[in-house]
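Please read the structure below before turning to the comments.
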Amino acid sequence: MHPDLTALLITLKLAAITTVILLLIGTPLAWWLARSQWRFKFVIETVIALPLVLPPTVLGFYLLLMLGPNGPIGGIAESIGGRPLAFTFTGLVIGSVFYSLPFVVQPLQNVFTAIGDNVMEQAATLRASPLDRFFNVMMPIARPGFLTAAVLGFAHTIGEFGVVLMIGGNIPGETKVVSIAIYDHVESLEYGQAHILSGGLLLLSFLMLMSVYGLNRRFSLLRS
C-alpha cells in the first residue's frame with residue numbers, strides 16, 4: 001500500500017476512535033457543566049479550554065512525559081505488562097482526546113444550556129426516569145449540538161500536527177498521520193504529493209463543516 005494512503009487510513013482511524021471516545025466522555029461532562037451550580041465550575045471549564053490557547057508542542061511535551069516509561073500513565077501501562085504509550089497509536093488516541101476535548105465539550109455544553117431545564121422538568125412530571133428523560137427527550141432536541149461536536153472533534157483530530165508529532169513521532173504504518181506526511185513531502189520538496197494530501201484535507205474539512213451548517217440551518221427552520 002502507498003505510504004500516503006496508509007497515513008490517510010491511520011488518520012481516519014485515529015479521528016473516528018477519538019471522536020467516539022470524546023462523545024462518551026464529553027456528553028456527561030458537558031451535561032454537568034451546563035447544569036451545575038458549583039461556584040468553582042469555571043476552573044474545570046478553564047482546564048477543558050486550555051488546548052484552544054496552549055501551543056500544541058507544549059501540550060504534546062507534557063503528554064509525552066505522562067505517556068513515557070517514567071510518567072504516570074506510561075508507568076501504569078508498563079507495570080501491567082504493556083509498554084510505554086509514547087510513540088504508539090494508543091498514545092496518539094490519548095493525546096488526541098486531550099487536544100480535541102474542548103471542540104466536543106463546548107458545543108454540547110452550549111446546546112444543553114440553551115435548551116434549559118423546562119423540557120426536562122415537564123418530562124419529570126410525566127414520571128419519566130432521569131435516563132429516559134435524557135436519552136428520549138434531551139438528546140433528540142440536542143441533535144444539532146451532537147452533530148456539531150462530532151464533526152468538530154473529527155475534523156480537529158485530522159488536522160493535528162504538533163501534538164501527534166511530539167507523542168507519536170513519525171513511525172510509518174503506526175503513528176505517521178497525514179499532517180506529518182504533508183510536512184515530510186514539503187521538507188523533501190515534493191510539492192505535488194503535498195498538494196494532493198493538503199487539497200484532500202481541505203476539501204474534506206470544507207464538506208464536513210458545510211454539512212454541519214446546512215443541517216443546523218435545516219433544524220432551525222423545522223423548529224420555527
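The values are calculated or read from the model by the stated rules, or taken from the named source; none is laboratory data. From a predicted model like this one, the values you see are computed outputs, not experimental measurements. Because the Cβ atoms are built from the backbone with ideal geometry, glycine has one as well, and the counts that use them run over all protein chains shown. Quick note on the areas: whole protein, heavy atoms, side chains included, nothing else; ligands and nucleic acids left out. Shrake-Rupley method; radii C 1.70, N 1.55, O 1.52, S 1.80 Å.
For the chain, averaging the sequence separation of C-alpha pairs within contact (under 8 Å, six or more residues apart) and dividing by the residue count gives a relative contact order of 30 percent. Scaling against 2.2 N^0.38 Å puts the C-alpha radius of gyration of region 139-224 at 1.41.
Distances over 17 Å make up what percent of all Cα-Cα pairs in region 94-191? Of all Cα-Cα distances in region 94-191, 63 percent exceed 17 Å. Where does the longest stretch of the chain lie that holds no GluC sites (Glu not before Pro) found in a DSSP loop with 16 or fewer other Cβ atoms within 10 Å? Formally, the longest exposed-site-free interval is 1-173. With loop membership from DSSP and a limit of 14 other Cβ atoms within 10 Å, the longest segment of the chain without chymotrypsin sites (Phe, Trp or Tyr not before Pro) is 41-224. Rolling a 1.4 angstrom probe over the chain with all protein chains present gives an accessible area of which 69% lies on carbon and sulfur atoms. Computed with a 1.4 Å probe on the full set of protein chains, the accessible area for residue 2 sits at about 110 Å². Taking 0.36 nm per residue of sequence separation and removing the Cα-Cα distance, the residue 161/residue 45 pair yields an extension gain of 39.3 nm. By the Kirkwood approach, averaging reciprocal distances over each pair of separate Cα atoms, region 72-145 gets a hydrodynamic radius of 15.3 Å. Excluding ligands, DNA and RNA, the accessible surface per residue across the chain is 56 Å² with a 1.4 Å probe. Note on residue 12 and residue 187: the extension gain reaches 60.7 nm, defined as 0.36 nm multiplied by sequence separation minus the Cα-Cα distance. Calculated FRET efficiency, residue 195 to residue 23, Cβ-Cβ distance, R0 = 25 Å: about 0.15 to the nearest 0.05. Report, to one decimal in Å, the Kirkwood hydrodynamic radius for the chain based on all distinct Cα pairs. It is 19.2 Å. Taking a spot 7 Å from the Cα of residue 208 along the direction of its beta carbon, which residues of region 153-177 have an amide N less than 13 Å from it? Inside the label zone: 153-161.
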